[in-house]
Every structure is written in C-alpha cells, then in structure tokens.
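Engineer: Okay, handing you the structure first.
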Amino acid sequence: MILYPAIDLKDGQAVRLVRGEMDQATVFNTDPAAQARSFQDAGSTWLHLVDLNGAFAGQPVNGAAVEAILAATDVPAQLGGGIRDMETIEMWLTRGIARVILGTVAVENPALVRQAAAAFPGQIAVGIDARKGRVATKGWAEETDVMVTDLARQFEDAGVAAIIYTDIDRDGAMGGPNVQATADLARATTIPVIASGGVSSLADLIALRDTGVIAGAISGRALYDGALDLGQALAALAT
C-alpha cells in the first residue's frame with residue numbers, strides 16, 4: 001500500500017483544513033516546495049497535492065506553488081482541485097504532474113473523465129468526496145444525491161488509474177479513517193482505491209493495509225502534527 005503525503009495549497013502556502021472548512025485553515029509551511037522536498041527526503045515515492053483555492057474557483061489558483069514543488073522534487077505527484085476541462089488536464093500533465101485528479105467534473109461531466117482517461121492512460125484519477133455515502137462537489141461546498149458506489153461504477157471500463165475516496169467528516173479531524181466504507185468501495189469496484197481523510201496514526205495505516213483491498217492512503221495533518229512519523233510509516237508499509 002502506497003502512502004501519499006498530502007500538501008494542500010491555499011494562498012500559496014501548505015495548509016490543512018478541518019472537514020473542508022476554508023476558514024479553519026492551519027498554515028504548516030509557507031514554503032510548499034521545501035515541504036515536498038522533506039517528504040521526498042524521508043523516502044516518499046508519491047506526493048498528493050490539492051489546490052484548495054482552485055477547487056472553489058473551478059480553475060487553477062496555486063499554479064506557481066505546484067510548479068515550485070515539481071521543480072524541487074523527483075517523485076511523481078498527483079494533483080486535484082479546480083481541474084475541470086481537457087485544456088487544464090493537458091497543461092498539468094505537460095508540466096510534469098504524473099496524475100490528475102478529477103472530482104467535481106466526475107459528477108457533472110462524466111464524459112470528460114472518460115475522454116481524459118482514454119487520451120492519457122494511467123494518468124487520470126477520480127476524486128470521490130462524500131458525507132454519509134453521498135458525493136459532495138465544488139470543494140465539498142455542495143452536496144449531491146449521488147451515491148459513492150454508483151459514481152465509482154460509472155468509470156469501471158474507462159481506464160481510470162485510481163479512485164481517491166475521502167470521508168469528509170473524517171478529514172483533518174484526527175479521528176481515524178473510515179476503514180469499512182473505504183474497503184467496501186474497494187470491493188465494489190475493480191479500480192484501485194486510495195483512502196483519504198482521518199489517517200492519523202500508524203495503526204490507521206496498518207488497518208487500511210490489512211483489509212487487503214486498499215491500494216493507497218493519503219495523510220496530511222498527522223504528518224505535520226507529528227502524530228505519524230513518515231519514515232516509520234513508510235518502513236512499516238514496506239514490510
């Protein structure tokens with residue numbers, strides 16, 4: 001199982017939110033590129049980047065910070081937030097992002113996800129963010145009646161590289177991930193599922209790994225707070 005350290009970008013800084021609330025942002029590093037380098041130096045093989053402002057704006061906002069991260073690191077990075085058309089997808093892949101995450105547009109324009117996955121095999125992921133099993137969009141600001149498993153199954157044959165599943169109520173709250181719901185989703189689809197939201201300890205990572213069906217886990221606040229030691233976590237997952 002791959003561990004993806006998260007760098008959430010707001011106003012050019014690395015921050016963490018609690019349950020997606022932009023007014024509850026804690027700044028952890030004013031230099032996101034330095035943060036990314038430290039994750040790489042600790043042994044990370046992937047990075048997870050989110051343009052928080054972009055998720056609300058519907059277009060890239062923290063592009064300069066993303067490009068600084070790409071320039072400062074050698075490991076692949078996946079990026080989500082405000083990516084809602086082919087032009088933006090192609091722009092980021094051309095600039096060095098390894099995998100683009102499509103969230104809101106997966107609900108509003110699933111045909112675009114299929115088109116992108118066909119055009120860029122292995123480089124398109126679907127971000128599914130949910131409250132109580134229902135998908136939320138536009139930076140989690142809008143809730144829909146779409147069920148998580150229904151959305152995931154829409155892309156079974158599309159060539160999507162991964163699904164990143166976030167339980168919004170767990171995100172940034174340090175209360176542990178929703179292991180059961182994530183495992184249930186992973187069993188309901190053939191697309192690899194990456195867990196996000198609430199991963200706050202080594203025990204959480206082990207619990208996710210031991211389901212045997214979850215391909216990856218994203219952690220942010222726990223790494224910044226020191227509740228989870230990145231080197232120790234990577235070593236544990238490697239055994």
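Engineer: Can you tell me which residue is most open to solvent (accessible area, probe 1.4 Å) among those in region 3-40 that are in a strand (DSSP E or B) and of a type in the set (Lys, Arg)?
Structural biologist: Narrowing region 3-40 to residues in a strand (DSSP E or B): 3-10, 13-18, 21-29.
Filter once more, keeping what is of a type in the set (Lys, Arg): 10, 16.
Details: Lys10: 44, Arg16: 17 Å².
The selected residue is Lys10.
Engineer: Of the residues that make up region 159-174, is at least one outside any strand (DSSP E or B), out of contact with any Gly (no Cβ under 6 Å at 6 or more places or on another chain), without any contact (Cβ under 8 Å) to a residue 40 or more places away in the chain and buried (at least 17 other Cβ atoms within 10 Å of the Cβ)?
Structural biologist: no
Engineer: Go through (1) assigned to a helix (DSSP H, G or I); (2) open to solvent by 30 Å² or more (accessible area, probe 1.4 Å); (3) more than 24 Å from Thr137 (Cβ to Cβ) one by one and return the number of the condition Ala233 breaks.
Structural biologist: (2) is the only condition that Ala233 fails.
Engineer: Now for a different question. I'm told Asp129 meets every condition in (1) buried (at least 20 other Cβ atoms within 10 Å of the Cβ); (2) at positive phi except one. Can you identify the failing condition by its number?
Structural biologist: Asp129 satisfies every listed condition except (2).
Engineer: Looking at Leu79, Leu49, can you tell me which residue is part of a strand (DSSP E or B), touching a Lys or Arg at 6+ places or on another chain (Cβ under 9 Å) and under 28 Å from Arg114 (Cα atoms)?
Structural biologist: Values: Leu49 fails: touching a Lys or Arg at 6+ places or on another chain (Cβ under 9 Å).
None of the others qualify; the one that does is Leu79.
Engineer: Spot the failing condition for Pro60; the list is (1) more than 27 Å from Ile214 (Cβ to Cβ); (2) at pLDDT 95 or above; (3) open to solvent by less than 50 Å² (accessible area, probe 1.4 Å); (4) not in a helix (DSSP H, G or I), and only one is missed.
Structural biologist: (2)
Engineer: Looking at region 182-208, which of the residues that are closer than 26 Å to Ile124 by Cα and more than 17 Å from the chain's Cα centre (by Cα) is most open to solvent (accessible area, probe 1.4 Å)? Show your work before the answer.
Structural biologist: Taking region 182-208 and keeping what is closer than 26 Å to Ile124 by Cα, we get 182-199, 205, 208.
Next, only the ones that are more than 17 Å from the chain's Cα centre (by Cα) stay: 184, 187-190.
Numbers: Asp184: 75, Arg187: 139, Ala188: 28, Thr189: 12, Thr190: 111 Å².
Among residues in region 182-208 that are closer than 26 Å to Ile124 by Cα and more than 17 Å from the chain's Cα centre (by Cα), the one most open to solvent (accessible area, probe 1.4 Å) is Arg187.
Engineer: While we're on this one: Does region 67-77 contain any residue that is open to solvent by less than 10 Å² (accessible area, probe 1.4 Å) and either in contact (Cβ under 8 Å) with a residue 24 or more places away in the chain or over 22 Å from Arg221 (Cα atoms) (or both)? It would help to see each step written out before you state the result.
Structural biologist: Residues of region 67-77 that are open to solvent by less than 10 Å² (accessible area, probe 1.4 Å), as a first pass: 69, 77.
Next cut, either in contact (Cβ under 8 Å) with a residue 24 or more places away in the chain or over 22 Å from Arg221 (Cα atoms) (or both) only: 69, 77.
The answer is yes, given that some residue of region 67-77 is open to solvent by less than 10 Å² (accessible area, probe 1.4 Å) and either in contact (Cβ under 8 Å) with a residue 24 or more places away in the chain or over 22 Å from Arg221 (Cα atoms) (or both).
Engineer: Any chance region 110-118 includes a residue that's closer than 22 Å to Gly54 by Cα, crowded, with 17+ Cβ neighbours inside 10 Å and among the small types (Gly, Ala, Ser)?
Structural biologist: Looking for residues that are closer than 22 Å to Gly54 by Cα, crowded, with 17+ Cβ neighbours inside 10 Å and among the small types (Gly, Ala, Ser), one finds at least one in region 110-118, hence yes.
Engineer: Conditions: (1) touching a Lys or Arg at 6+ places or on another chain (Cβ under 9 Å); (2) exposed (fewer than 15 other Cβ atoms within 10 Å of the Cβ). Gly43 meets all but one. Number of the miss?
Structural biologist: (1)
Engineer: As an exercise: evaluate Ala106 against (1) surrounded by fewer than 17 Cβ atoms within 10 Å (Cβ to Cβ); (2) at pLDDT 90 or above and give the number of the one condition it does not meet.
Structural biologist: (1)
Engineer: Which residue pairs have Cβ atoms under 8 Å apart, sit 6 or more places apart or on different chains, and have a first residue in region 108-125 that is within 14 Å of Ile83 (Cα to Cα) and a second that is open to solvent by 60 Å² or more (accessible area, probe 1.4 Å) and not charged (D, E, K, R)?
Structural biologist: Matching pairs, first to second residue: Pro110/Gln154.
Engineer: Condition first: over 21 Å from Ala14 (Cβ atoms) and touching a helix residue (DSSP H, G or I) at 6+ places or on another chain (Cβ under 7 Å). Now tell me which residues in region 207-221 satisfy that. Talk me through it step by step, then tell me what you get.
Structural biologist: From region 207-221, those over 21 Å from Ala14 (Cβ atoms) are 207-215; that's our starting set.
Selection gives Ala207, Leu208, Arg209, Thr211, Val213, Ile214.
Engineer: Regarding region 198-214, can at least one residue be identified that is over 17 Å from Phe39 (Cα atoms), among the small types (Gly, Ala, Ser) and at pLDDT below 95?
Structural biologist: Yes, the conditions are met somewhere in region 198-214.
Engineer: Please work out which residue is modelled with the lowest pLDDT, limiting yourself to region 80-102 and to residues that are open to solvent by less than 10 Å² (accessible area, probe 1.4 Å) and more than 19 Å from Ala152 (Cβ to Cβ). Break it down into steps so the answer makes sense when it comes.
Structural biologist: To start, the set of residues in region 80-102 that are open to solvent by less than 10 Å² (accessible area, probe 1.4 Å) comprises 80, 82-83, 89, 92, 97, 100, 102.
Add one more test, that the residue is more than 19 Å from Ala152 (Cβ to Cβ), and what stays is 82, 89, 92, 97.
On the way: Gly82: 90, Ile89: 98, Trp92: 97, Ile97: 98.
For region 80-102, the residue satisfying everything is Gly82.
The values are calculated or read from the model by the stated rules, or taken from the named source; none is laboratory data. Being a predicted model, the structure only gives us computed values, none of them experimental. With ideal geometry, Cβ positions are generated from the backbone for all residues, glycine too; neighbour counts draw on all protein chains shown. When the accessible area is computed, the model is the full protein with side chains, heavy atoms only, and any ligands, DNA or RNA have been set aside. Shrake-Rupley method; radii C 1.70, N 1.55, O 1.52, S 1.80 Å.
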